[in-house]
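This report refers to the structure that appears directly beneath it.
The values are calculated or read from the model by the stated rules, or taken from the named source; none is laboratory data. This structure is a prediction, so every number in the text was calculated from the model and none was measured. Methodologically, a virtual Cβ is constructed for each residue, glycine included, from the backbone with ideal geometry; neighbour enumeration extends over all protein chains shown. Areas reflect the complete protein model, heavy atoms only, side chains present, ligands, DNA and RNA absent. Shrake-Rupley method; radii C 1.70, N 1.55, O 1.52, S 1.80 Å.
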Amino acid sequence: MNHKHLLTITLLLISPYIFPQEKHMNLDDIKIEKYTELPYKNVFDYCDWKDGKLITLYNDRFSTLEVTEKNKLKIKKLVNFSDGDCIFKTFPEVNVIYGYSGGVTQLFYDLDTNKTLLFEPIFTRRYWARGALLLDSERKIFLLIYGHMLTREKYDYFIYDLPNNKILSSPFEQESDFLKDVLEVRLGDYLFLCRERDKIDRKKITNNYYIYDFKKKERIDNELTAFLSTLKYGHGIRYLSLEEKIIIINSYDAAEEENLFITWEDDFKKVRAAPFFIPAFNDKKVDYGIPGVHLNDWVVFNIHSNGLYGETVYKLGFSNINSPVHVPVVIDEYFESTPYYFFLEHPVYGPCCFVEVEKNGKKTIRMYKMSDVQKEIVKTLSEHGK
């Protein structure tokens with residue numbers, strides 16, 4: 001484990017003593033007030049891409065989204081390849097945009113060949129498309145997930161060769177019961193972190209983790225999977241970085257919920273875990289908006305509070321995964337609902353979060369620089385250090 005992560009784990013363990021709960025420190029004291037207002041762009045959905053860009057659906061078309069040096073959002077159409085009614089994701093490592101629509105239709109756009117493809121591997125309304133996972137990055141082979149229309153616990157997958165537009169394996173050829181183990185997250189070509197189904201009641205998903213190698217067709221158990229299998233039911237992975245050897249996972253039951261910061265050394269050995277600590281002061285509830293919303297270790301979280309008449313109001317905040325202590329820095333105002341937001345790499349200022357705000361019927365987009373947020377974090381740590 002590198003020294004940065006060891007320091008983070010150590011300080012996470014002592015953070016309740018740095019920020020003791022009994023002092024009821026006012027969360028509003030750690031806030032970001034500086035932002036830049038940008039001309040409004042109505043952006044619907046987005047996915048991570050590369051080169052400082054996102055992929056978005058704009059005017060019902062796949063487009064790139066970036067920010068210019070002059071603080072303007074720039075949208076460039078890529079392809080007329082969507083009817084606007086699809087769920088999509090990106091595979092930047094193989095230059096592919098994927099979507100699924102209408103229950104059975106799979107959509108692919110390969111930027112390397114500039115080819116588009118609408119693909120329907122089965123002709124039935126009983127099983128619906130549920131997404132795709134990259135199996136082989138060199139050959140552009142995907143797992144296409146299909147699930148039963150009425151029973152979300154039942155699903156299986158096709159193995160699909162995109163360049164040759166060919167199904168390599170079909171669950172219907174194997175008379176599948178559509179009760180495969182859950183593929184939680186991709187760890188690399190042919191490698192996936194999985195959760196087992198119950199051996200007796202196959203519709204139930206257990207807490208037992210393992211890694212499956214599709215190439216060798218073998219199960220792998222190690223220290224990381226053993227640790228994850230000890231966690232309480234209901235956990236889900238919020239953030240994963242294989243390069244940095246980090247997982248943030250949410251673990252909860254009926255009485256308790258927490259986010260764990262997990263690291264390991266080579267070959268998934270010497271696993272360490274500590275609470276991912278963002279303090280919830282003043283009886284405010286913190287909801288971590290970590291999945292898919294991060295850039296260079298920055299994450300967004302929501303704070304739920306009760307309004308004057310008991311209604312729920314929201315604040316938005318930021319934190320840095322690799323800060324010595326996960327200090328929350330909030331936007332100093334309340335919203336009626338969680339605002340729409342996304343991260344982009346600014347060519348001058350680095351990571352920035354863009355927040356869509358509606359006031360008096362008018363929408364604007366604000367740009368918050370994470371460099372300004374970092375200044376507040378450093379200031380807070382310095383003050384408490386004194």
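Checking the conditions here, which among Lys70, Lys50, Lys89 is closer than 30 Å to Trp264 by Cβ, in a loop (DSSP other than H, G, I, E, B) and at pLDDT 50 or above?
Lys50
Does Asp198 count as open to solvent by less than 30 Å² (accessible area, probe 1.4 Å), touching a strand residue (DSSP E or B) at 6+ places or on another chain (Cβ under 6 Å) and charged (D, E, K, R)?
In short, no.
Scan the range 275-306 for residues that are in contact with a strand residue (DSSP E or B) (Cβ under 6 Å, 6 or more places away or on another chain), more than 30 Å from Asp51 (Cβ to Cβ) and at pLDDT 70 or above and jot them down.
Passing the criteria: Pro275, Ile303, His304, Ser305.
All but one of (1) surrounded by fewer than 19 Cβ atoms within 10 Å (Cβ to Cβ); (2) part of a strand (DSSP E or B) hold for Arg139; state the number of the condition that does not hold.
(2)
May I ask you to verify whether Phe81 is aromatic (Phe, Trp, Tyr) and closer than 25 Å to Phe192 by Cβ?
In short, no.
Would a scan of the range 161-173 turn up a residue that is of a type in the set (Ser, Thr, Tyr) and assigned to a strand (DSSP E or B)?
yes
Among what's in the range 117-129 and is in a strand (DSSP E or B) and open to solvent by less than 70 Å² (accessible area, probe 1.4 Å), pick the residue that is modelled with the highest pLDDT.
Filtering first and then ranking leaves Leu117.
Considering only the range 131-164, state which residues are closer than 18 Å to Glu120 by Cβ and small (Gly, Ala, Ser).
Gly131, Ala132, Gly147
Residues in the range 171-180: is at least one of a type in the set (Gly, Ala, Ser), touching a Phe, Trp or Tyr at 6+ places or on another chain (Cβ under 6 Å) and open to solvent by less than 60 Å² (accessible area, probe 1.4 Å)?
no
State all residues of the range 295-320 that are open to solvent by 40 Å² or more (accessible area, probe 1.4 Å) and free of Cβ contacts under 8 Å to residues at least 40 places away in the same chain; if no residue qualifies, say none.
Within the range 295-320, His304, Asn306, Leu308, Tyr309, Gly310, Glu311, Thr312, Tyr314 qualify.
Between residues in the range 109-137 that are without any contact (Cβ under 8 Å) to a residue 60 or more places away in the chain and residues that are basic (Lys, Arg) and surrounded by fewer than 16 Cβ atoms within 10 Å (Cβ to Cβ), which pairs lie under 9 Å by C-beta distance while being six or more apart or on different chains?
Tyr109/Lys115; Arg130/Arg152; Asp136/Lys215
Go through (1) open to solvent by 20 Å² or more (accessible area, probe 1.4 Å); (2) touching a Cys at 6+ places or on another chain (Cβ under 9 Å); (3) under 24 Å from Lys369 (Cα atoms); (4) without any contact (Cβ under 8 Å) to a residue 40 or more places away in the chain one by one and return the number of the condition Thr36 breaks.
(4)
What number of residues within the range 120-175 satisfy the criterion of being among the polar types (S, T, N, Q) and under 26 Å from the mean Cα position of the chain (by Cα)?
The qualifying residues number 2.
Any chance you could count how many residues in the range 79-104 are aliphatic (A, V, I, L, M) and crowded, with 18+ Cβ neighbours inside 10 Å?
Residues in the range 79-104 being aliphatic (A, V, I, L, M) and crowded, with 18+ Cβ neighbours inside 10 Å: 4 in total.
So Thr113 clears everything in (1) open to solvent by less than 40 Å² (accessible area, probe 1.4 Å); (2) farther than 26 Å from Thr206 by Cβ; (3) among the β-branched types (Val, Ile, Thr) except one condition, right? Which one?
The number of the failed condition is (1).
Look through the range 232-247, keep the residues that are part of a strand (DSSP E or B) and among the hydrophobic types (A, V, I, L, M, F, W, C), and return whichever of them is surrounded by the fewest Cβ atoms within 10 Å (Cβ to Cβ).
Ile237
So, of the residues in the range 341-371 that are over 15 Å from Asp297 (Cα atoms) and acidic (Asp, Glu), which turns out to be most open to solvent (accessible area, probe 1.4 Å)?
Among those residues, the one meeting the criterion is Glu358.
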